[in-house]
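No lab work stands behind these numbers, since they all come straight from the coordinates. What you see is a predicted model, and the numbers here were worked out from it, not measured in a lab. Don't worry about glycine lacking a Cβ; one is built from the backbone with ideal geometry, like all the others, and counts go over all protein chains shown.
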Amino acid sequence: MDPDYSLSPAGGDALPLAVPASCAGLRLDQALSRLLPEHSRSRLQSWVKAGQVTVEGKVTSSPSQKVWGGERIEVHPLPGPEETAHRPEAIALDIVHEDRAVLVVNKPAGLVVHPGSGNWAGTLLNALLHHAPGLAGLPRAGIVHRLDKETSGLLVVAKTLPAQTSLVRQLQTRAMGREYLALAWGQVAADGTVDAPIGRHPTARTRMAVAAQGRPAVTHYQVLERFVRCALLRCRLTSGRTHQIRVHMASIGHPLVGDPVYGKPARGGPEDALARFPRQALHAQRLALLHPETGQAMAWESPLPQDLSGLLAELRNAS
C-alpha cells in the first residue's frame, strides 16, 4: 500500500478548503479559524486532534502544523456536544410513580436535570429518554420543572403533550405544591415569608439575586428544629425561580448549609459535620398536583437522603 495513502476520516460532510497565500506561515488551527470563522478555534483543534482533518490527502493530528499556502484541506466536522445532548443514556432512575401521563422521579444530589454548558451528557434528561423513548417527541423530554444539580428530591415529568401543558399551567397558577427541607445557618427566630423578586445578579451572571427588576418570588418557611448553629426548615414555594430558596434565605441572613454560591464557608475542622457537608442542604421532600388526565389530587413524599439524614443525626447527638 502507498505509505501516503489514508482513509477519509469519519464525520460529517467534508468541507474542502484551499489555503490562501494570506495564511502562509500560520499554524493549521489558525488558518482554519480564518477559513471557518463560524467554528471556535478550540472546536477546530479538537477536530484536528481527532483525525478529522486532512492536508493534501493525509490525516494530520497536529494543530500546530504550519501551512504555506496552496494546500488542499478537507475538514470532516464532528457534531458539537449540544447537538448530541438529547441522546438516551442508561442511567438508573429512582421512580416513585409512573402512569401513562406522568412520571415522578426522586432525583439524587449530583445529577444535572437538563443538558447545558459543561454538562452535555449524563443528565436526568438522558436517563429519561432511555427509560421512555417516547419522551423524545416532547419539549425538554417532558421535564416541567427543575432542581439544582446538588438538590435532591422529587420532580415530575410529563409523558404526553396534554399532560405537560396541564402541569405547566399548575405551576403557573400555583396549583402544584412543592415543599422542601433545608438546613439554614443561624438562629432562625420564627416562621416567616420572604416576598422578594429574583433576577440575574448584575455582575456575576451565573448567580441569581434579589433584584427590584426581577420576577416575583415568594418563599414561606417554618422552623422544624433548632440546633446550636443552624435550623431545619420546611420551605414552601408559591413561585419557582432559579435558586429561589437559596437566594431568599441568604437574603435574610440565613444561607443554606453547604451552599458554595450563596452561603459562607463553615468554620471548623474535619470533625465538624457542618463544615464538611459537601452540598447545599436542600431536599425536595413533597410534591402535590392534580393528575393531568383524571383531575385526582395526588401527592408524594421523599425521605431524606442518607447524607442529610446522617448530618441531622450528628447534630442531634451533639445537642
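Say the dipole of the range 184-318 comes from +1 at the beta carbon of Lys and Arg and -1 at that of Asp and Glu; which of Ala204, Leu308, Ala231 then lies farthest toward its positive end?
Ala204
Under 5 Å between amide hydrogens, which residues at least 5 positions from Val218 or on another chain qualify, with H placed 1.01 Å from N in the peptide plane?
Thr238, Ser239
How long is the gain from Gln306 to Ala121 if the chain were fully straight, where each residue apart is worth 0.36 nm and the alpha carbon distance is subtracted? Mind dumping the intermediate values first?
On the way: separation 185, 0.36 × 185 = 66.60 nm, distance 2.55 nm.
Answer, rounded to one decimal: 64.1 nm.
Could you work out how far apart the two model spin labels at Ala288 and Val228 are, taking each label as a point 7 Å from the Cα in the direction of the beta carbon, and quote it in nm?
3.7 nm
Given +1 on the Cβ of Lys and Arg, -1 on the Cβ of Asp and Glu, and no further charges, what dipole in debye does the range 101-181 carry about its Cα centre, rounded to the nearest 20? Let's see the in-between values first.
Values: 8 positive and 3 negative charges, 39 e Å.
Value, rounded to 20: 180 debye.
Can you spot the aspartates and glutamates whose alpha carbon is less than 13 Å from Lys58's alpha carbon? Ignore those fewer than 8 places along the same chain.
Asp2, Asp4, Glu71, Glu74
Can you tell me the dipole magnitude for the chain around its Cα centre, using point charges on the Cβ only (Lys, Arg +1; Asp, Glu -1), in Debye to the nearest 20?
Working: 34 positive and 27 negative charges, 206 e Å.
That gives the chain a dipole magnitude of about 1000 debye.
What lysines does Lys159 reach when the alpha-carbon gap must be under 20 Å and sequence neighbours fewer than 8 apart in one chain are set aside?
Lys107
How much length is gained on full extension from Thr206 to Ser46, taking 0.36 nm per residue of separation minus their Cα-Cα distance? Don't skip to the answer; put the middle values down first.
Working: separation 160, 0.36 × 160 = 57.60 nm, distance 2.65 nm.
Between Thr206 and Ser46, full extension yields 54.9 nm more.
Hydropathy at least -0.5 by Kyte-Doolittle, axial extent at least 24 angstrom from the Cα trace: which helices of the chain, defined as entire DSSP H runs, fit?
Details: long enough: none.
Helices meeting the criterion: none.
What does the charge count near Ala163 come to, summing +1 for each Lys or Arg and -1 for each Asp or Glu among other residues with Cβ under 14 Å from its Cβ? Walk me through the numbers before you get to the answer.
Numbers: positive: Arg100, Arg140, Lys159, Arg169; negative: Glu98, Asp99, Glu293.
Within the 14 Å Cβ shell, the charges total +1.
I want to verify a result. In a Gaussian network model of the chain, Cα cutoff 10 Å, which of these has the top mean-square fluctuation: Ile73, Ile95, Ile252?
Ranking Ile73, Ile95, Ile252 by mean-square fluctuation puts Ile73 first.
Evaluate the distance, in nm, between pseudo-label points positioned 7 Å from the Cα of Ala299 and of Ala90 along their respective Cα→Cβ axes.
3.9 nm
What does the charge add up to near Ala21, with Lys and Arg as +1, Asp and Glu as -1, over the other residues with Cβ less than 15 Å from its Cβ? Walk me through the intermediate numbers first.
On the way: positive: Arg34, Lys66, Arg72; negative: Glu71.
My count for the surroundings of Ala21 gives +2.
Where in the range 272-307 does the amide nitrogen come within less than 13 Å of the point 7 Å from the Cα of Ala175, taken along Cα to Cβ?
Inside the label zone: 289-298.
Quick check on the chain: helices-only [θ] at 222 nm, where DSSP H runs of length 4 and up contribute -39,500 (n - 2.57) each and the sum goes over total residues. Nearest 500, please.
Working: 7 runs with 62 residues, N = 319.
Estimated from H runs of four or more residues: -5500 deg cm²/dmol.
Report the local net charge at Arg236: Lys and Arg +1, Asp and Glu -1, summed over other residues whose C-beta lies under 12 Å from its C-beta. Could the numbers behind the result be given before it?
Details: positive: Arg174, Arg178, Arg234, Arg286; negative: Glu179, Asp191.
Local charge sum for Arg236: +2.
To the nearest 20 debye, what is the magnitude of the charge dipole of the range 177-319 about its Cα centre, counting +1 on the Cβ of each Lys and Arg and -1 on the Cβ of each Asp and Glu?
That gives the range 177-319 a dipole magnitude of about 500 debye.
Order of 277-285, 304-312 by packing, highest average Cβ count within 10 Å first?
On the way: 277-285: 22.4, 304-312: 15.8.
Top to bottom by mean Cβ count within 10 Å: 277-285, 304-312.
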